[in-house]
């Protein structure tokens, strides 16, 4: 086992670092969070630069326009990007992380040639239409209906938690094509252009006031049958094929952000006076910092284990679920500590006194995104109990 | 970077795990706590596998592997609750003659902390290693006076309270003391990580077999979530223990002190919490002497005090983050 870079990883790191230094400096200031046209063009500009430098689709196979980098190189790229304060994937998330890899694995040649390049250059933005108001943890119960009418599917229903829908060109969507089949069978995976008639996008504001999410109301939307990815009624398997692409880097961006917030919290504790002394001088605060710091270091090591396993071909069952639950727990614990350190400064979601106070309150709220999104903590615990530990199903 | 065991490392762990299952079955582990229960020939068998000298250079009689390999070995030993002064023997191998072969049995005390001069496995040891800030000292056990505890908290780990500690022969200075404290702490944490895995396996097997309300209790979500949390705590602990082991071998990748202290925090939490879960999952039987759940819990309590407290470890991590 090793933690040091191999010779080739070390030269890749130097190359990436040198490129990032120039590229980041050439970017304009980022747009405001609710400025969706601004965010879209900013993210596209950065993605275009990555594309031209050969870093777009870093973990995609080279034959599909990616770089074909190893999982370790991917991790190095993310580490260096964070260190250089480079823009993150932004509105490109669904396209690059999910829709693109799905089309690579299951799409037709026409779908590949039409969609992959646009995702890599940043020209096309994707959103995800999987969850529904009645189908959250039990996603396979989804009811958005698509019936075949000539060369089209006619889609009716409602989707929720659709990130970046306002800015998106395409939606990767799960629909029920066979209502006589319950659950996993009878679901299909469709590419839905967002400019079709009958799509109503309504923003859904989150607990931290972000307009990231939307609801989609679908009324007689005619999606061409040519946009079916994989076979009809085989969409559940198609939706899960991206799991096999996971090489342990899925949460690296979040973990980098959390590590930065943690350092800011420590600085805050050292500079905040309370009862005639700094908050840092409080043993109970400092020891809590130590425990969270140990957990963050452990989560980095966990990530490196997963990346190392990913480089061997694929993750071990449960390692993604286990990481996510542990990360959510630490994120909540960090948020709780932040509120203790801030005390009355936690009354504002905006930063106070030139300090990142509002950002720390946001980090506590964001912890729920980790413990709820992508399968709640409790669903992950069920997965581990049944598929890793082999405990019997409840029913 | 590669933080998964190589094929050779996986074989090493398999070998130790297989030996422990065969030669240190739980009845044997329990017998080590009996008066005169320490089996010197079994100890020598364990030593003959290269267990203690795994990271000692070959020219000093060891196997010549890295410290991370010793960490993996201790994880496997901890999972099986293998008794005896495993950490002392590993630290002293290649330093004190006879330890690497198992013919000389060492025990160790870190007198840096306040509290009673309690030494584990003193009564069956030949030599006592004494660690303080100034260095490491060596004493024949017969030259020190002590009283054996009648009822040690962990029934498989005999404890002696020393009443007289004569002057020891100095075998190393502050550098050796520092190194032994780091390594001793990390080897103990590796055993804690293994312990957390062993108690989880025991609890999961029980939950699959035990039926109430007409079905296995492991089918109930209340237990599933407890046991999934145990598994997760082990994976987190194992991650930091392995990273710390590699950091000892490759000090340029980070602070050894921070990695070792962090490994203690995550592994102690995993071992103590998982053992508590193991007792709880066993229901009333978990509250009995005959079920093995309490052996994991009590061993975990002993291990988490080795070479510094949990609070010390938290302070170390916090300070090293703050001064970065």
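Inclusion of residue B:36 among residues that are surrounded by fewer than 19 Cβ atoms within 10 Å (Cβ to Cβ), in a loop (DSSP other than H, G, I, E, B) and free of Cβ contacts under 8 Å to residues at least 12 places away in the same chain is warranted.
Restricting attention to region A:54-68, which residues are in contact (Cβ under 8 Å) with a residue 12 or more places away in the chain and either crowded, with 21+ Cβ neighbours inside 10 Å or closer than 26 Å to residue A:4 by Cβ (or both)?
Of the residues in region A:54-68, the ones in contact (Cβ under 8 Å) with a residue 12 or more places away in the chain are A:54-61, A:64-67.
Of everything in region A:54-68, those that are in contact (Cβ under 8 Å) with a residue 12 or more places away in the chain and either crowded, with 21+ Cβ neighbours inside 10 Å or closer than 26 Å to residue A:4 by Cβ (or both) turn out to be A:54, A:55, A:56, A:57, A:58, A:59, A:60, A:66, A:67.
Just one of the numbered conditions (1) in contact (Cβ under 8 Å) with a residue 40 or more places away in the chain; (2) assigned to a helix (DSSP H, G or I); (3) more than 7 Å from every other protein chain (Cβ to nearest Cβ) is not true of residue B:276: (1).
Being surrounded by 19 or more Cβ atoms within 10 Å (Cβ to Cβ) and assigned to a strand (DSSP E or B), is that true of even one residue in region B:137-158? Yes, because at least one residue in region B:137-158 is surrounded by 19 or more Cβ atoms within 10 Å (Cβ to Cβ) and assigned to a strand (DSSP E or B). Are any of the residues in region B:174-193 farther than 18 Å from residue B:92 by Cα, in contact (Cβ under 8 Å) with a residue 12 or more places away in the chain and surrounded by fewer than 16 Cβ atoms within 10 Å (Cβ to Cβ)? For region B:174-193, residues farther than 18 Å from residue B:92 by Cα, in contact (Cβ under 8 Å) with a residue 12 or more places away in the chain and surrounded by fewer than 16 Cβ atoms within 10 Å (Cβ to Cβ): absent. Residues considered: B:233, B:269. Of these, the only one that is touching a residue at least 40 places away in the same chain (Cβ under 8 Å) and within 9 Å of chain A (Cβ to nearest Cβ) is B:233.
Within region B:199-221, no residue that is at the interface with chain A (Cβ under 7 Å from one of its Cβ atoms) and at positive phi sits with its Cβ atom under 7 Å from a residue that is assigned to a loop (DSSP other than H, G, I, E, B) and surrounded by 20 or more Cβ atoms within 10 Å (Cβ to Cβ) at 6+ positions apart or across chains. Restricting attention to region B:296-314, the residues that are under 11 Å from the mean Cα position of the chain (by Cα) and touching a residue at least 12 places away in the same chain (Cβ under 8 Å) total 7. Among the candidates A:90, A:66, A:54, the residue that is closer than 24 Å to residue A:22 by Cβ and modelled with pLDDT under 95 is uniquely A:90. Considering every residue within region A:14-29, establish whether at least one is farther than 21 Å from residue A:260 by Cβ, part of a helix (DSSP H, G or I) and within 14 Å of another protein chain (Cβ to nearest Cβ). Looking for residues that are farther than 21 Å from residue A:260 by Cβ, part of a helix (DSSP H, G or I) and within 14 Å of another protein chain (Cβ to nearest Cβ), one finds none in region A:14-29, hence no.
Every residue, every condition in (1) crowded, with 17+ Cβ neighbours inside 10 Å; (2) in a helix (DSSP H, G or I); (3) more than 11 Å from chain B (Cβ to nearest Cβ); (4) modelled with pLDDT of 95 or more, yes or no:
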site	(1), (2), (3), (4)
A:355	no, no, yes, no
A:361	yes, yes, yes, yes
A:367	yes, yes, yes, yes
A:374	no, no, yes, no
A:382	yes, yes, no, yes
A:385	yes, yes, no, yes
A:394	no, no, no, no
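Against the list (1) assigned to a helix (DSSP H, G or I); (2) within 14 Å of another protein chain (Cβ to nearest Cβ), the condition residue A:314 fails is (1).
Touching a helix residue (DSSP H, G or I) at 6+ places or on another chain (Cβ under 6 Å), more than 26 Å from residue B:275 (Cβ to Cβ), touching a residue at least 40 places away in the same chain (Cβ under 8 Å) and more than 14 Å from every other protein chain (Cβ to nearest Cβ): is that true of residue B:53 in this structure? No.
If you check B:72, B:65, B:91 for being within 14 Å of another protein chain (Cβ to nearest Cβ) and crowded, with 22+ Cβ neighbours inside 10 Å, only one passes: B:72. Within region A:317-340, the set of residues being more than 10 Å from every other protein chain (Cβ to nearest Cβ), at pLDDT below 95 and outside any loop (DSSP other than H, G, I, E, B) comprises just one member, A:320.
Does any residue of region A:210-222 turn out to be more than 14 Å from every other protein chain (Cβ to nearest Cβ), modelled with pLDDT of 95 or more and not in a strand (DSSP E or B)? Checked against the condition, which is being more than 14 Å from every other protein chain (Cβ to nearest Cβ), modelled with pLDDT of 95 or more and not in a strand (DSSP E or B), region A:210-222 yields no hits at all. Candidates are the residues of region A:266-293 that are touching a residue at least 40 places away in the same chain (Cβ under 8 Å) and facing another protein chain (nearest Cβ under 10 Å); the one that is nearest to the chain's Cα centre (by Cα) is A:292. Is it fair to say residue B:245 is surrounded by fewer than 23 Cβ atoms within 10 Å (Cβ to Cβ), more than 24 Å from residue A:377 (Cα to Cα) and at the interface with chain A (Cβ under 10 Å from one of its Cβ atoms)? Here the answer is no, as residue B:245 does not meet what is asked.
Hey, does region A:137-155 have a residue that's closer than 30 Å to residue A:66 by Cα and touching a residue at least 60 places away in the same chain (Cβ under 8 Å)? No: region A:137-155 contains no residue that is closer than 30 Å to residue A:66 by Cα and touching a residue at least 60 places away in the same chain (Cβ under 8 Å). I'd like the full set of residues that are closer than 12 Å to residue A:251 by Cβ and out of contact with any helix residue (DSSP H, G or I) (no Cβ under 7 Å at 6 or more places or on another chain), limited to region A:315-335. Scanning region A:315-335 gives a single hit, A:320.
Of the residues making up region B:280-311, those that are surrounded by fewer than 17 Cβ atoms within 10 Å (Cβ to Cβ) and in a helix (DSSP H, G or I) are B:280, B:283, B:284, B:285, B:287, B:301, B:311.
The values are calculated or read from the model by the stated rules, or taken from the named source; none is laboratory data. These numbers come from a predicted model, not from an experiment. Reconstructed Cβ throughout: ideal geometry from the backbone, glycine too, with neighbour counts over all protein chains shown.
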